[in-house]
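Working notes for the structure below.
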Amino acid sequence: MLDYQRLKAWPFGEIEQSYAEKDTILYALGLAFGMDPLDRRQLAFVYEKDLQVLPTMAAVLGFPGFWARHPESTIDWVQLLLGEYSLHLHRPLPPQGTVIARNQVTRVVDKGAGKGALVVTTRHLLEKSTGEPLATVEQLAFCRGDGGYSLPSPAHPAGQPSDAPPPAPAPLPETAPDTACELATRPETALIYRLSGDSNPLHADPEVAAAAGFPRPILHGLATYGIACHAILKTCCDYRPERLRSFSARFSAPVFPGETIRTEIWSRDDHVLFRARVVERDVVVLSSGRAELA
C-alpha cells in the first residue's frame, strides 16, 4: 500500500549531472529530430556546429531515475503513468555543462478506491557554476493501482493524509485550431529516448507492457511532450528555443513508436494553447496544452 509519509520524505538528495553536446544531440534524436537531413533548422539540434537545445531537455536533466520502482517507494510502479507535466524556463539551456537538481514530492492525492492516486514531484534545476536557476519542473504521476490508500487499514488504522489536488488546467477552445503540425516518430524512438535517462521497461520490454495492459511497449509520455514542443518551436517560434518561456500539457492516451503526432494549435497574444493526437488512430494523446512565448 502507498505510504504517504514515506513518499513526502523521499530522500532524493541533491543530484549533480554533467552533460556534453553528444547528450544534447542524443536527446533530440530520441524525439525524431533530423529525419529530414536537408532541414537545416532541425539540423541545428542534432549537429554540434552552433548546437541548440530543445527546452524540454530540462525534463531529463537532474532526473532522479525511475525511483518509483524502488520497493520502499510503496508505489505499484507497473500501474504508473505520467498524468501532467509543466516546465518553466528561467533561461535557455546551454548545450553542455553541469547542473544541480533538487527534487521533492510535493503532493500525494488519493482519488479513491479503484480510482488511483496522484503523486506530484517538483524539481528545481540550477546551473552549478553560477547557482542561477535554469528551470522549474513539475510532474504529476497517475498511480492507477494505489487508490484508496488513505482509508483505514491494519497498517494505518486512522487512515493516511491526502493532499488537495492541483488546479485543473483550463479547457481548450471548442473552435477549430488555427494551425497544426504533423511530425512522424520512428519505430525505435522509445529505445533511443530511454538512453536519455528514463529506463522504465514499460517502454522497451514487451512482457512488462503486456502486464500493464498494452499490446506492445509505448512511447514515453515525455517523448510525446518533447515532440509537441518541437511542433510549437517549428510553427510558432521559428525554431528559436529562447522564445519558449513555459510549456505544460496533460497526458490523455499513449503513443506507440512509429505513429505520427499531429499538434493542433490555437494562437493567443503571448501564448498558444494546443493538443496533440495520433493521426493513425485519431486519438488525442496530449490535452490542455499551454505554451507561453516571448
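FYI, it's all coordinate maths here, none of it is from the lab. Source: prediction; values computed, not measured. Note that each Cβ is placed from the backbone with ideal geometry, even for glycine, and that neighbours are counted across all protein chains shown.
Worth pointing out:
- Per-residue 3J(HN,Hα) values for segment 138-152, derived from phi via the Karplus relation 6.51 cos²θ - 1.76 cosθ + 1.60 with θ = phi - 60°, read 10, 10, 10, 9, 9, 9, 5, x, 10, x, x, 5, 7, 6, x Hz in sequence order (x marks Gly and Pro).
- Taking the alpha carbon gyration tensor of segment 202-294, multiplying each eigenvalue by 5 and rooting it gives semi-axes of 28, 12, 11 Å, largest first.
- 20 Å Cα-Cα reach of residue 111 towards aspartates and glutamates, excluding residues that sit fewer than 8 places from it in its own chain: 3, 76, 84, 138, 146, 163
- Taking the C-alpha atoms only, the angle from helix 221-236 to the longest principal axis of the chain is near 30 degrees.
- Hits among aspartates and glutamates - C-alpha to C-alpha of residue 49 under 12 Å, sequence gap 8 or more where chains match: 21
- The chain - Rg over Rh from alpha carbon coordinates, Kirkwood radius: 0.96
- Per-residue Cβ neighbour counts within 10 Å put 77, 10 in the sequence 10, 77, beginning with the fewest.
- Calculated FRET efficiency for the pair residue 292/residue 207, C-beta based, R₀ 35 Å, to 0.05: 0.30
- Counting only lysines at least 8 places from residue 128 when in the same chain, those with an alpha carbon closer than 21 Å to its own are 22.
- Packing-based exposure ordering (other Cβ within 10 Å, fewest first) of 246, 18: 18, 246
- Charge context of residue 284, other residues only, Cβ under 11 angstrom, K/R +1, D/E -1: +3
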